[in-house]
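The values are calculated or read from the model by the stated rules, or taken from the named source; none is laboratory data. What you are looking at is a predicted structure, and each value in this text was computed from that prediction instead of being measured. Neighbour counts are summed over all protein chains in view; Cβ atoms, including those assigned to glycine, are modelled from backbone coordinates with ideal geometry. The area values use the complete protein model at the heavy-atom level, side chains included, leaving out ligands, DNA and RNA. Shrake-Rupley method; radii C 1.70, N 1.55, O 1.52, S 1.80 Å.
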Amino acid sequence: PETAYQFRSIYDNNAAEVSDDVVVTTEAAAQVPNAGFEHWCSEVVQEAVKVNIVEWYPKKLISDKGFWATRNDLTTSPRYDATNFYCAYSGTIKSDKGHNSSCAEISTVGWGKGNTFTLLGGKCSNITPGMLFIGDYINNTELFGKEFHSRPDAFEFYYKFAPVKNESFKAYIVVENREGDSKTELGRGEILSNVEVKEFSKQTVKVTYSNITKVPTHMYIVFMSSSADSPSVNSVTGSMEAFSGYADSRYVGSVLTVDDVNLIYE
């Protein structure tokens with residue numbers, strides 16, 4: 001990686017038919033920042049008497065641009081409409097029970113104004129799979145990709161998965177070349193699985209390249225708690241009683257826990 005090699009070619013062992021020198025520098029074996037999900041911050045987006053509504057960010061400071069993004073802006077968006085988890089909840093949060101230290105817990109969640117307490121099933125206005133991805137989340141839109149100039153052969157990560165109704169989680173990587181408004185996909189790798197995994201296991205996803213002539217400029221990795229078109233959630237009643245507004249009750253579906261992302265160069 002990051003090594004300059006000098007080449008010359010000679011035709012038919014003829015010393016008079018020798019090319020000029022060509023210097024080629026190999027790409028870096030680059031890794032992604034915060035690959036172990038050690039860096040998190042949070043802010044209270046709505047204060048409540050019993051339980052505050054908190055939005056989590058996978059970065060050191062809220063003011064940082066960051067490398068990873070989530071859909072938490074969306075699922076915590078009913079701010080000041082209600083102070084209950086069953087109306088507003090971060091789908092991707094920090095967990096201290098990682099493969100190594102902290103990790104990312106990515107959940108399908110029910111959210112939105114009009115949700116009701118989960119007792120006896122309740123009512124759920126919106127259901128959104130949790131998503132953790134390289135890029136930005138702006139105006140409820142995923143903007144995939146960050147500048148990246150290397151071509152990994154695969155990526156690996158440690159994960160646990162608790163599916164609901166046989167739903168599958170999805171994890172994938174895309175390597176691109178971007179020139180102005182033009183985007184060309186150079187390589188992609190993906191895994192889709194509905195198998196329950198109770199203890200951290202390592203998963204490797206190979207990248208298959210369809211274009212080897214253009215140089216990489218951007219890359220993104222995406223983790224989704226569910227790939228279902230209409231994902232399901234379970235009603236979690238929580239431990240608080242009616243006097244507390246059932247504030248810790250919520251709707252949670254499939255949960256994907258991810259840690260220690262590593263890009264592999266062979």
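Quick notes on this structure:
- Point-charge dipole on Cβ atoms (K/R +1, D/E -1) for the chain, about Cα centre, debye to 20: 980 debye
- Euclidean distance of C-alpha centroids, segment 148-227 and segment 43-89, integer Å: 26 Å
- The phi torsions of segment 226-241, fed into the Karplus equation with coefficients 6.51, -1.76 and 1.60 and a -60° offset, translate into couplings of 8, 9, 5, 5, 10, x, 10, 9, 9, 8, 9, 7, x, 10, 7, 8 Hz, rounded to whole numbers, with Gly and Pro shown as x.
- Zero-based 5 Å bins, Cα pair distances in segment 1-80, whole percents: 3, 11, 13, 11, 9, 7, 6, 5, 5, 6, 6, 5, 4, 3, 2, 1, 1, 0
- Here's the picture: charge each Lys and Arg Cβ at +1 and each Asp and Glu Cβ at -1 in the chain, and of T257, V24, A247 the one pushed furthest to the positive end of that dipole is A247.
- Full-stretch length increase - A15, D229 - with 0.36 nm per residue and alpha-carbon distance subtracted: 70.5 nm
- Accessible area per residue, Å², the chain with all protein chains present, probe 1.4 Å: 52 Å²
- Given +1 at the Cβ of Lys and Arg, -1 at the Cβ of Asp and Glu and no other charges, the dipole of segment 141-220 around its Cα centre is 160 debye to the nearest 20.
- Highest-fluctuation residue, M240, M131, M224 considered, GNM on the chain with Cα pairs under 10 Å: M240
- Its DSSP H runs of at least 4 residues, each contributing -39,500 (n - 2.57), put the calculated 222 nm mean residue ellipticity of the chain at 0 deg cm²/dmol, to the nearest 500.
- Other residues lying with their Cβ under 14 Å from the Cβ of C124 contribute a combined charge of +3, Lys and Arg counting +1, Asp and Glu -1.
- Relative protection proxy for 28-38, 105-115, from highest mean packing down: 105-115, 28-38 (other beta-carbon atoms within 10 angstrom).
- Ratio Rg/Rh, restricted to segment 63-171 and using Cα atoms, in which Rh is the Kirkwood radius: 1.00
- Solvent-accessible area, 1.4 Å probe, carbon plus sulfur percent, for the chain: 47 percent
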